[in-house]
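The next block holds one structure in the form of structure tokens; read it before the comments.
The values are calculated or read from the model by the stated rules, or taken from the named source; none is laboratory data. Being a predicted model, the structure only gives us computed values, none of them experimental. A quick note on method: Cβ atoms are made from the backbone with ideal geometry, for glycine too, and the neighbour counts reach across all protein chains shown. Remember, those area values only see protein heavy atoms, side chains included, never the ligands or the DNA or RNA. Shrake-Rupley method; radii C 1.70, N 1.55, O 1.52, S 1.80 Å.
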Amino acid sequence: PIAAKVKDVNDGMRYTFWNKKAEELFECSAREAIGKTDFETMPEAAALIRKEDEELVKTGIPQEGIRRFFTKKNEERFTFQNNNFIKLSDGRKWIVYTAWDITDLKIMERKLRLAKEEAEESNRIKSAFLANMSHEIRTPLNAIVGFSNVLVGDDATSEEKAQYCDII
């Protein structure tokens, strides 16, 4: 399930290994990649990759992170990638890449975020509706209660009481 690629630092950063999952994920066969550089296999990202490789060789500090890219069919993909610099006892220097395809996870994360935003918007609209309806109900009820209190009192004439009943 893990894409793996190996570059030989001493041979101009050419690939020496490219597994089946790397073939699937990066849409490039091992036959097309082995013995070649990123400038030949992935020209659109080669400059960025080379810069990262040089930093890795210089510092020796492993690199990891989520990568977003588009396939040749313009499909969005996400990987969690880990890059390591290895010095072998015989003097060989390699960069070993591993990448896990996390596209489904990122798509699910995006859908959940959108669903959360929609739920929050629905809640905001519901609250606004309830506040408006509460106001719309309170206003006529206050008038009904007020006129009913006047009807109960002795201060109003019969004619006024009839008018209040009409208003209610």
Self-check item: Residues located in the range 10-28, provided they are over 21 Å from PHE78 (Cβ atoms) and open to solvent by 30 Å² or more (accessible area, probe 1.4 Å)
Solution: ASN10, ASP11, GLY12, ARG14, THR16, PHE17
Quiz item: Out of all the residues in the range 67-93, which are surrounded by 11 or more Cβ atoms within 10 Å (Cβ to Cβ), of a type in the set (D, E, K, R) and under 16 Å from the mean Cα position of the chain (by Cα)?
Solution: ARG67, GLU76, ARG77
Quiz item: Which condition breaks for ILE86 when tested against (1) in contact (Cβ under 8 Å) with a residue 12 or more places away in the chain; (2) assigned to a strand (DSSP E or B); (3) under 20 Å from LYS36 (Cα atoms)?
Solution: (1)
Exercise. Being in a strand (DSSP E or B) and among the aliphatic types (A, V, I, L, M) is the filter here, so list the residues in the range 5-28 that pass it.
Key: VAL6
Quiz item: Out of (1) assigned to a helix (DSSP H, G or I); (2) of a type in the set (D, E, K, R); (3) open to solvent by 70 Å² or more (accessible area, probe 1.4 Å), what's the single condition that is false for GLU64?
Solution: (1)
Quiz item: For the range 48-66, does any single residue satisfy the condition of being more than 17 Å from VAL6 (Cα to Cα), within 28 Å of the chain's Cα centre (by Cα) and of a type in the set (Lys, Arg)?
Solution: no
Exercise. Please work out which residue is nearest to ARG77 (Cα to Cα), limiting yourself to the range 111-168 and to residues that are among the charged types (D, E, K, R) and open to solvent by less than 90 Å² (accessible area, probe 1.4 Å).
Key: GLU121
Exercise. Quickly run through the range 30-57 and pick out the residues that are under 22 Å from GLU76 (Cα atoms), in a loop (DSSP other than H, G, I, E, B) and either modelled with pLDDT of 95 or more or open to solvent by 90 Å² or more (accessible area, probe 1.4 Å) (or both).
Key: GLU44
Quiz item: Within the range 92-139, can you find the residues that are among the small types (Gly, Ala, Ser) and over 29 Å from VAL6 (Cβ atoms)?
Solution: ALA115, ALA119, SER122, SER127, ALA128, ALA131, SER134
